[in-house]
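To keep things clear, I will list the structure first and then write my remarks on it.
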Amino acid sequence: MNVYAAPVRDLRFVLEELLAHRSLSLPGFEEATPDLVEAVLEEAAKLASDVWGPLNATGDRQGAKRHTDGSVNTPEGFAAAYQAYVEGGWNGIGVSEALGGQNLPEVLASAVQEMLHGANMALGLCPMLTAGAIEALAHHGSDALKATYLPKLVEGTWTGTMNLTESQAGSDLSQVRTRAVPENDHYRISGQKIYITWGEHDAAENIIHLVLARKPDAPEGNKGISLFLVPKFLVNEDGSLGERNDVTCASIEHKLGIHGSPTCTLSFGENGGAIGYLVGEEGRGLNHMFTMMNEARHKVGIQGIGVAERACQHAFAYALERRQGRAPKARGGAECSISDHLDVRRMLLSMRSRTDALRALALYCAAELDTARHAENDDTRRAAQARADILIPVVKSFSTDQAVDIASIGIQVHGGMGYVEETGAAQLLRDARIAPIYEGTNGIQALDLAGRKLQRDNGEALTALLHDVAATAEQLTANPALAALGSGLAAGLADLKAAQTLVLEQGLDPEKGADAVQAYATPFLTLAGHVLCAWQMGEAALKAHAAIQGGSDDPFYTAKMRSAEFAITQWLPVGRAQRAVIEAGMECLSEFEVY
Ligand SMILES: Cc1cc2nc3c(=O)[nH]c(=O)nc-3n(C[C@H](O)[C@H](O)[C@H](O)COP(=O)(O)OP(=O)(O)OC[C@H]3O[C@@H](n4cnc5c(N)ncnc54)[C@H](O)[C@@H]3O)c2cc1C
């Protein structure tokens with residue numbers, strides 16, 4: 001069984017308000033009419049469901065193949081599916097018009113990305129990496145580099161990669177050793193990068209590598225690192241493709257999942273040095289990379305949500321079809337499908353409710369990014385960026401950790417059929433498992449939130465966000481039908497505030513400082529994720545309740561009510577336990593000797 005139907009209605013439920021009251025009222029989006037938005041959703045859904053989705057299992061089975069000459073073939077159908085994406089103009093939907101894109105809000109672009117990742121995460125990685133390269137080049141590239149490379153990258157006829165990791169430089173990029181030796185108007189790059197996603201492939205005519213490297217006389221550490229653009233094929237003055245550059249794919253990894261995505265070891269400079277061009281300023285390569293990493297992290301969160309959605313769809317379809325046991329006596333006691341058993345319903349609703357909540361939070365964050373880029377007023381832009389900065393590590397980590405869990409529950413719903421490969425449920429768990437690791441591990445995200453982001457403004461941006469959570473809790477509490485949800489959310493909020501105070505106190509303590517943040521970071525991020533997701537589900541409850549009160553008997557709204565109730569009454573309490581974890585102290589971690 002291999003099901004994927006792009007969840008257009010669920011997305012629309014979240015998007016409606018974010019588009020109408022937030023992103024579309026910003027300057028610059030005047031052309032994004034409701035009709036256009038609707039057409040984008042419908043057409044993206046067709047591409048995802050009809051073209052990319054059916055290739056997901058093929059990609060997993062066949063994987064990418066490297067030949068002895070270093071060339072790499074992607075699985076059958078991937079190159080054509082990528083071409084269909086390029087021809088549809090999808091690569092530039094969230095990119096500004098000035099750069100040749102379609103200038104649609106990030107909220108809408110994120111919804112499209114979710115559909116494509118749900119359909120085929122391995123293929124979705126190719127444009128995701130290109131988006132990172134576009135971002136880095138647009139912000140930091142010279143006019144000449146932008147003119148030569150951006151149009152093709154925005155079209156998608158050339159793809160991009162991000163080359164950070166080396167065997168000794170993973171989370172700690174200060175260890176980067178790849179060399180860049182100045183020569184005329186360019187540099188000669190040599191060294192080896194590992195784990196480079198879509199580093200070599202047959203789906204586009206050129207590949208533009210963005211590479212972290214250091215000059216021979218550069219200082220040690222972060223400050224010596226610069227960013228370079230290294231094309232697979234050099235580009236002639238007239239824009240045509242020239243000679244092959246000195247970069248080759250030395251091998252591809254055999255991985256747990258995302259088999260259709262070629263993860264390459266790239267060798268630069270085995271024949272004299274690959275020609276590379278400096279992007280931005282010398283010595284500021286890491287800063288330049290981080291400009292785009294923030295948004296790339298949001299995209300990885302979205303990727304997790306796409307896979308979680310697909311896991312839900314598989315599990316729901318299987319649970320309705322598989323017949324085992326008898327229904328509860330109250331419902332007649334007849335032979336039944338497993339979806340009649342309350343324990344199976346618990347799993348299904350848990351999967352659905354979490355996916356709904358993660359989606360709502362990630363799209364809310366995308367609306368903040370739209371505001372941060374487009375609002376007229378400087379203060380509004382700054383406040384939105386500060387809020388997005390807080391939300392992004394949560395969206396990245398919490399969504400991807402939850403996606404792994406959701407995919408695992410999906411297997412459980414299938415029983416033994418989940419553990420064997422035919423149903424596709426196992427692939428989803430294998431695919432999802434990378435998302436908590438790359439683009440900054442989830443542990444590093446938690447440190448970013450509880451350390452840098454929280455401490456730099458003494459918790460101000462998070463406190464402002466929590467005011468909005470409190471307002472939703474009050475609104476729920478004021479409505480007798482929703483009051484229990486209001487008090488549940490308020491209790492979660494109180495836990496998060498208490499944890500914030502503790503983490504701030506300890507983090508700013510000159511003695512405990514960084515160690516305390518290390519110890520508390522992950523429980524803190526987990527608690528924040530639960531509370532912020534519950535907040536979004538409180539908002540969903542208000543909306544669904546209003547529709548039902550307005551006379552709608554559409555089962556969609558009833559399902560959204562159940563989903564919101566589950567999130568606040570059954571799932572939030574699990575997250576609230578993290579407050580006790582933080583309050584218990586973490587001495588056991590520092591006192592534990594690893595043996
Ligand atoms: C399939 C795949 C695709 C990838 N794609 C790309 C790509 O396109 N481009 C690219 O450049 N890289 C890519 N990567 C690399 C990826 O980003 C790294 O694997 C990741 O950043 C972690 O680095 P590492 O593997 O060296 O782990 P390590 O840094 O060794 O981390 C191991 C563990 O230690 C923890 N840890 C490390 N340092 C700290 C610290 N200071 N404090 C607390 N905990 C710490 C980590 O959280 C982790 O749990 C990819 C990796 C894979 C597997």
inquiry  = If you take every residue apart from ALA384 with its C-beta less than 9 Å away from the C-beta of ALA384, what net charge results, scoring Lys and Arg +1 and Asp and Glu -1?
reply    = +2
message = Only four residue types carry charge here, +1 at the Cβ of Lys and Arg and -1 at the Cβ of Asp and Glu. Report the dipole size of segment 483-595 about the Cα centre in Debye, rounded to the nearest 20.
response = 560
ask   = For labels at SER171 and GLN570 in the simple 7 Å Cα→Cβ model, what's the distance in nm?
value = 3.4
query = In Å², what does the accessible area per residue of the chain work out to with a 1.4 Å probe?
reply = 41
query = How would you rank 267-277, 165-175, highest first, on the average number of other Cβ atoms within 10 Å across their residues?
reply = 267-277, 165-175
With eigenvalues of the C-alpha gyration tensor scaled by 5 and rooted, segment 279-336, Å = 52, 9, 6
key: Area accessible to solvent at ASP217, 1.4 Å probe radius, in Å²   = 120
remark   = On the accessible surface of the chain, probed at 1.4 Å with all protein chains in place, carbon and sulfur together account for a percent value of 52
note = Of LEU349, LEU41, ordered by accessible area with the largest first and a 1.4 Å probe, the sequence is LEU349, LEU41
ask   = How large is the dipole of the chain about the Cα centre if only Lys and Arg carry +1 and Asp and Glu carry -1, each at its Cβ, rounded to the nearest 20 debye?
value = 1440
query = Using the Kyte-Doolittle scale, which helices in the chain average at least -1.0 and also have C-alpha atoms spread 24 Å or more along the helix axis, with helices defined as whole DSSP H runs?
reply = 121-140, 285-321, 342-374, 378-414, 460-477, 483-508, 513-549
request  = Output ³J(HN,Hα) for segment 58-65: one whole-Hz value per residue in order, computed from phi by the Karplus curve 6.51 cos²θ - 1.76 cosθ + 1.60 with θ = phi - 60°, and x for Gly and Pro.
outcome  = 4, x, 5, 5, 7, x, 8, 10
request  = With both partners inside the chain, how many of the DSSP beta bridges are antiparallel, as a percent to the nearest 5?
outcome  = 85
note = Taking Rh as the Kirkwood radius computed over alpha-carbon pairs of the chain and applying Stokes-Einstein at 25 °C with viscosity 0.890 mPa s, one gets a diffusion coefficient in µm² s⁻¹ of 99
ask   = So for the chain, taking the charge dipole from beta-carbon charges (+1 Lys/Arg, -1 Asp/Glu), which of ALA432, GLY451, ALA20 sits furthest toward the positive end?
value = ALA432
Formal net charge of residues neighbouring GLY492 (Cβ-Cβ distance under 11 Å; K, R +1; D, E -1) = +2
query = Full extension from SER487 to ASP379: what is 0.36 nm times the residue separation minus their Cα-Cα distance, to one decimal in nm?
reply = 35.6 nm
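The values are calculated or read from the model by the stated rules, or taken from the named source; none is laboratory data. Since the model is a prediction, treat every value here as computed from it, not as a measurement. So basically every Cβ, Gly included, is an ideal-geometry build from the backbone, and we count neighbours across all protein chains shown. We work out accessible area using only protein heavy atoms, side chains counted, and drop any ligands, DNA or RNA first. Shrake-Rupley method; radii C 1.70, N 1.55, O 1.52, S 1.80 Å.
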